[in-house]
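One structure below.
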There are 2 protein chains.
Amino acid sequence: MFLINGERRQTVDAADRGFQYGDGLFETLAVSQGRLQFLQQHLKRLALGCAKLLLPEPDLQLLAAEAQQLAAQAEQGVVKIIITRGSGGRGYRQPGVISTTRVLGLYPYPNYPADYQQHGVVVRLCQQRVSGTAALAGVKHLNRLEQILARAEWQDEAIQEGLMLDNSGAVVEGTMSNLFVLKQGTLCTPALTNCGVAGIIREIVMNLAAQQHIPVLETVLPPQALFQADEIFLTNSVIGIWPVRQLEQQSFPVGAVTRVLQNQFKALCHPAA
Amino acid sequence: MFLINGERRQTVDAADRGFQYGDGLFETLAVSQGRLQFLQQHLKRLALGCAKLLLPEPDLQLLAAEAQQLAAQAEQGVVKIIITRGSGGRGYRQPGVISTTRVLGLYPYPNYPADYQQHGVVVRLCQQRVSGTAALAGVKHLNRLEQILARAEWQDEAIQEGLMLDNSGAVVEGTMSNLFVLKQGTLCTPALTNCGVAGIIREIVMNLAAQQHIPVLETVLPPQALFQADEIFLTNSVIGIWPVRQLEQQSFPVGAVTRVLQNQFKALCHPAA
């Protein structure tokens with residue numbers, strides 16, 4: 001079910017630049033007991049992304065109200081907000097006057113076993129690389145073919161996520177998640193210089209770690225650094241924090257720092273999980 | 001006006017993965033006197049692109065028939081064919097059964113002055129880079145944000161195209177065109193290793209040059225190579241071949257090789273232009 005420019009509809013204009021060019025961006029919000037999690041942070045990132053894509057800033061109060069209207073219908077769920085550059089003629093040049101399209105959708109909460117949070121998930125390294133340019137780095141934009149090809153590499157239900165490298169061979173992120181690695185007491189996460197999504201939970205976790213006096217480093221992470229890690233975990237708005245218990249053939253314990261951050265994170269959720 | 005899965009409609013499902021993720025690809029065909037130009041080449045590239053995106057091969061005969069149905073209505077025009085992975089749930093994982101969406105649209109022919117073909121166009125270098133990964137290189141896919149940001153860099157109507165570099169600083173293509181450079185009798189065009197669209201007219205021009213015993217080289221082109229070129233021209237399916245008469249502040253003659261290739265190319269069009 002969708003709310004499209006405020007109306008309950010199921011379709012968008014085929015001339016919409018979101019459809020023609022992936023010309024837009026999105027947010028994915030968890031819903032718990034009818035409440036949107038971290039709404040303000042998502043709206044802030046959405047506004048920042050719109051500025052980077054040269055889109056007019058959307059009416060954030062209106063977006064919040066519509067998102068809440070959808071969320072109120074769900075005990076648990078996911079609300080996705082898409083903003084596109086709207087309809088326009090053929091060609092990459094943007095229209096002189098931009099009238100953005102907003103599409104809000106309510107989706108069921110994915111049926112992840114609680115075990116993933118508690119005992120961790122199994123992760124692989126993808127062949128498909130992730131690319132990008134500085135202007136779009138961090139933005140949760142609608143150009144997602146690389147993630148789709150990466151996710152198509154495995155069908156094995158025992159594997160929950162795949163990690164993607166950039167063209168230089170550094171690890172950037174999971175297909176749908178951000179990555180953290182603890183090594184000798186320092187929490188490392190890939191710097192998002194040319195690509196990768198600057199996740200909301202990624203930012204929250206970095207702040208939580210700093211509050212715990214854990215050094216946090218945004219850096220270049222070769223795959224070898226992962227195999228030498230003490231702890232690894234993944235984050236996104238729907239999964240929260242998933243410890244990684246296995247990467248390719250190597251096993252990892254669910255470490256003490258991961259547990260501390262999980263507990264701190266749960267305390268921030270509304271209502272507390 | 002659109003033909004969507006064979007029906008005259010104006011809208012697509014908001015859950016279509018083309019809209020949600022740019023999960024698809026497209027072709028742009030010129031129409032002259034009701035005839036589609038280079039239809040077979042476009043269909044061949046479309047099928048190749050579908051294979052690269054792990055999409056089921058579309059019914060090419062049906063696509064050809066629908067494209068011709070639209071083209072027959074236009075003296076001059078442009079037919080755009082979009083194929084997407086169809087509707088699916090939230091998330092990058094593709095549906096178990098893929099039912100592609102096909103959207104064909106007829107657009108007016110852009111109002112380019114004949115002077116562009118005859119005396120050439122003015123071109124700039126864009127700040128926005130173009131990126132990509134080997135698996136998607138060459139494919140005319142729906143992830144076009146980089147081209148949109150590049151095209152948004154200038155409003156000056158005296159400039160007809162912008163050239164884009166990759167993250168290593170090599171020139172890849174124009175925002176909407178492929179690039180050729182003649183230097184000391186050799187025709188060079190950027191190798192499309194990690195990004196760029198393998199244009200239909202690009203391939204035709206390479207074949208024409210070979211028939212004329214002009215050496216053709218797909219290579220890495222730094223911007224300096226352009227400023228030292230004897231001739232520069234651009235190609236795409238709608239513009240054909242445009243000589244470049246000015247790049248940034250430097251002027252170029254419309255060279256003899258460009259003219260030969262233009263004439264050879266025109267002889268291939270139906271009906272001959």
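Some points to look at:
- Using a 7 Å Cα-to-Cβ projection, B:Glu203 label spacings across copies, nm, ascending: 4.4
- Annotation: the antiparallel percentage among DSSP beta bridges lying fully within segment A:44-192 is about 80.
- Largest GNM mean-square fluctuation across B:His141, B:His119, B:His213, computed for chain B with C-alpha springs under 10 Å, falls on B:His213.
- Classification of segment B:149-194 by its C-alpha gyration tensor yields an oblate form. The axis ratio a/c (a ≥ b ≥ c) is 1.5 or more, and b/c is at least a/b.
- Nearest-ten-degree value, helix A:39-52 long axis tilted from longest Cα axis of chain A: 70 degrees
- When chain A is treated as a GNM with alpha-carbon contacts under 10 Å, the residue of A:Val260, A:Val122, A:Val97 showing the greatest mean-square fluctuation is A:Val97.
- Close amide-amide hydrogen proximity is noted between B:Met176 and B:Gly162, each under 5 Å apart and 5 or more residues distant or on a separate chain (H modeled in the peptide plane; Pro and chain starts excluded).
- Against chain B, whose longest principal axis is taken from its Cα atoms, helix B:256-268 shows a tilt of about 30°.
- Tensor-based shape of segment B:45-142 (alpha-carbon gyration tensor, a/c under 1.5 rounded, otherwise prolate or oblate): oblate
- Tilt relative to chain A, helix A:200-211 - C-alpha long axis, 0 to 90 degrees, to 10: 40 degrees
- Inter-copy label distances at B:Pro110, shortest first and taken from points set 7 Å along Cα to Cβ: 4.0 nm.
- Cα gyration tensor category, rounded, prolate or oblate, for the protein assembly as shown with a/c compared to 1.5: prolate
- Reducing segment A:70-101 and segment A:170-207 to their Cα centroids gives an inter-centroid distance of 27 Å.
- Among A:Ile83, A:Ile98, A:Ile241: highest mean-square fluctuation, GNM of chain A, C-alpha pairs under 10 Å: A:Ile98
- Distances, shortest first, from the label point of B:Arg35 to those at the same position in the other copies read 6.9 nm; the point lies 7 Å along Cα to C-beta.
- If you count Lys pairs in chain A whose Cα atoms are under 30 Å apart, skipping same-chain pairs closer than 8 places in sequence, the total is 11.
Each value in this text was obtained by applying a stated rule to the coordinates, not by laboratory testing. Because the structure is predicted, anything quoted here is derived from the model rather than measured. Counting neighbours? That spans all protein chains shown, and the Cβs are built from the backbone with ideal geometry, glycine included.
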